[in-house]
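Encoded as structure tokens, the structure appears first; notes follow it.
Where a number appears in this text, it was derived from the coordinates with a stated rule and is not lab data. Just so it is clear, the structure is predicted and the values come from calculations on it, not from any experiment. Here the Cβ positions follow ideal geometry from the backbone for every residue, glycine too, while neighbour counts run over all protein chains shown.
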Amino acid sequence: FGTATPTVNDYPIYCRSDTLFYHKKALSMFMPRQYMTWDDVTKIGNPTKSRAANKVIEVVKKHEVQGTGKPSNARRAVEWDEFKNVLAATREFYSSRHREEVMILLLTILTIQWQFIGRIDDMMRLATSTVLFNSDHPFTLYIKMCWSKNIRTERDSPTQILFASMDPAVCPLLHLAVMMEAVGTAGGLMFGRTNKTAANLLKQVYESPLFTSQKPGKLGTHSIRKGPATFASRCGM
């Protein structure tokens, strides 16, 4: 709110409820009585579980719904036509700068990420040893993605099948084959880059005049995850 004693005329324009919830969760990890609720009388327990802390977050959420809170910085889903535009812009942007290896690398990351509806963190942790030939269906590959979020057991991360596409512009197998021939792998990882590096490469494409956004909203690497998820839900998945 910008003040320790907000009134009805003060609005939470400096912080989102998700940020407050994250701070509350992070602080709770260091509380000696982590699993105890807070007692306002005895002042004993976990203060992050107090009614006052929860009430603040609820108030901030209400302001966000009403449009009087801090605007969201979340990246929106990229549309299908925008995704194809991103791939075309990536080819032209980096090939014109004689950075063909970067172009091939980013195209491979984006096309596989779209097919698996994955986070950029998971893509950058993809191990070369987990990409295997499928003898039952030679036109596909086996890939075991090490999902880093909301996955708690190895059973929840099964081996998946990567299919080719009828459209060569978005075909993950075609791009992967080109990358393996032209760039190769490094250090046991398929891409040998950090998620920040991939994000910076994609950001340059988004900001270039070669890419045209179809609607307002911020775009980032997470948009390539939200895009196929949205696309699949519209198709009834």
List the relative contact order of the stretch 38-171 as a percent without decimals, with contacts defined as Cα pairs under 8 Å and 6+ residues apart. 13 percent
How large is log10 I(q)/I(0) at q = 0.11, 0.22 Å⁻¹ when the Debye formula is applied to the Cα atoms of the stretch 167-237, each weighted equally and without solvent? -0.40, -1.25
According to the square roots a ≥ b ≥ c of the eigenvalues of the Cα gyration tensor, what is the shape class of the stretch 59-148, taking rounded for a/c under 1.5, prolate for a/b larger than b/c otherwise, and oblate for the remainder? oblate
Looking only at aspartates and glutamates whose Cα falls under 19 Å of Lys84's and that sit 8 or more positions away or on another chain, we get Glu92, Glu100, Asp167, Glu207
Projected-area average for the stretch 1-73 over all orientations - Cα convex hull basis, square nanometres: 5.5 nm²
With just the Cα atoms of the stretch 113-227, tell me how far they stretch along each of the three principal axes, in Å, largest first. 43, 34, 27
Under a Cβ-only charge scheme (Lys and Arg +1, Asp and Glu -1), can you give me the dipole magnitude of the chain about the Cα centre, in debye to the nearest 20? 900 debye
What would the Debye formula give as log10 I(q)/I(0) at q = 0.09, 0.11, 0.14 Å⁻¹ for the alpha-carbon point model of the chain, no solvent? -0.54, -0.74, -0.99
If I model a spin label as a point 7 Å beyond the Cα along the Cα-Cβ vector, how far apart are those points for Ser129 and Val59 in nm? 5.4 nm
Direction-averaged shadow area of the convex hull around the Cα atoms of the stretch 1-125, nm²? 12.5 nm²
Normalising by the residue count of the stretch 105-204, find the relative contact order in percent from Cα pairs under 8 Å and 6+ residues apart. 34 percent
Cα-Cα over 26 Å, subset of Lys62/Lys196; Lys149/Lys218; Lys61/Lys226: Lys62/Lys196
Could you check the simple spin-label distance between Glu92 and Val41, using points 7 Å along Cα→Cβ, in nm with one decimal? 7.1 nm
Show that you can apply the helix-only estimate: for the chain, add -39,500 (n - 2.57) for every DSSP H stretch of four or more residues, divide by all residues, and state [θ] at 222 nm to the nearest 500. -13500 deg cm²/dmol
